[in-house]
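The values are calculated or read from the model by the stated rules, or taken from the named source; none is laboratory data. Small disclaimer: the values here were computed from a predicted structure and weren't measured. Because the Cβ atoms are built from the backbone with ideal geometry, glycine has one as well, and the counts that use them run over all protein chains shown. Surface areas here come from the heavy atoms of the whole protein model, side chains and all, with no ligands, DNA or RNA. Shrake-Rupley method; radii C 1.70, N 1.55, O 1.52, S 1.80 Å.
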Amino acid sequence: MLLGAAKLLNQRKHQLKGTVRLLFQPAEEGGAGASYMIKDGALENVEAIFAMHIDYTEPTGTVMPHPGPTQAAVNFFEARIEGKGGDASVPHLTVDPIIAASSAILSLQQIVSREIDPLYSQVLSTTFVKGGASNDVSPQFVEFGGTIRSLTTDGLERLQRRVTEVIQGQAAIHRCNATVNMNNDGFPMYPAVINDVKLHHHVEKIVKSLLGPDKLVKGKKIMAGEDFAFYQQLVPGIMFGIGIRNEEVGSVHPAHSSYFFVDEDVLPIGAALHTAIAESYLVKHGNVSNSW
């Protein structure tokens, strides 16, 4: 079936009116590579953009598009609470940043549990705490940080404000000072991945015709971030999953696992699907530019 599709595309290639631009994905993990690609002109004259991401949870060749909000807007935060260090035997002569940091970390959990609509997907996780190195001396400062995530970009911006307010407020209550860094320089905020509904239907149609209806599975929302979202802020776009799970070859581990192994049988399937998506889009829209 894929061979037949390839022959068909080869026969019709002279009919295409438009440009297909292939984009690589540098510095996706935390470096916001797409934002720099945009600055270098990657989206110039582009009117639609498509992307595919492997998924080890579904069988090889299964395609999983999802319309609307699909992946989270993501940001990291770091906080430093400063007090007055000193001998732990005279706590009244110190200003304990550990107590202030503990109160701040616990209070942060109440933002999602008590301030956010339960139907809105948001995450706030403190992932590290550093402070002190002695059993009998209170430290001068404590540092901690983590990640905040929301399926909407507006929701993430609100989380940013409240995280800063809560940490600084709890520090003040305990006579400490706090600084909060959202890492917008080294690790800029990623917007949410929001898949264009029309392009979603386009992908569904192509999957059904090229691979068969049985290969189409509804995608899932996840709280992982993806720099593809920077492109979607400027042009309609969709990122969808394609399965690589194959127990026979050991393709059963997530991409960030040291045991990750990709079932290479997915490569011709993905290439044919990307080709068909672009070819069909250009046939339908005529003289436009297309990028994926």
Inset, instruction - Specify the residue that is most open to solvent (accessible area, probe 1.4 Å); the eligible residues are those in region 142-174 that are within 18 Å of residue 98 (Cα to Cα) and in a strand (DSSP E or B). - result: 143
Legend entry - When residues of region 1-57 are limited to those that are modelled with pLDDT under 90 and among the basic types (Lys, Arg), the one least open to solvent (accessible area, probe 1.4 Å): 12
Inset, instruction - Answer yes if at least one residue in region 210-228 is without any contact (Cβ under 8 Å) to a residue 60 or more places away in the chain, more than 30 Å from residue 279 (Cα to Cα) and not hydroxyl-bearing (Ser, Thr, Tyr), and no otherwise. - result: no
Legend entry - Some residue of region 83-106 being under 26 Å from the mean Cα position of the chain (by Cα) and open to solvent by 20 Å² or more (accessible area, probe 1.4 Å): yes
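Quick grid of which residues meet (1) at positive phi; (2) at pLDDT below 95; (3) of a type in the set (A, V, I, L, M, F, W, C):
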residue	(1), (2), (3)
196	no, no, no
210	no, no, yes
238	no, no, yes
241	no, no, no
245	no, no, no
256	no, yes, no
266	no, no, yes
271	no, no, yes
Legend entry - Residue within region 127-138 that is at pLDDT 95 or above and within 20 Å of the chain's Cα centre (by Cα) present: yes
Legend entry - From the options 125, 121, residue that is open to solvent by less than 70 Å² (accessible area, probe 1.4 Å), closer than 28 Å to residue 68 by Cβ and touching a Gly at 6+ places or on another chain (Cβ under 7 Å): 125
Inset, instruction - Name the helices (runs of 4 or more DSSP H) wholly inside region 175-292 in which the number of residues that are open to solvent by 80 Å² or more (accessible area, probe 1.4 Å) and farther than 17 Å from residue 57 by Cα is 2 or more. - result: 197-210, 266-285
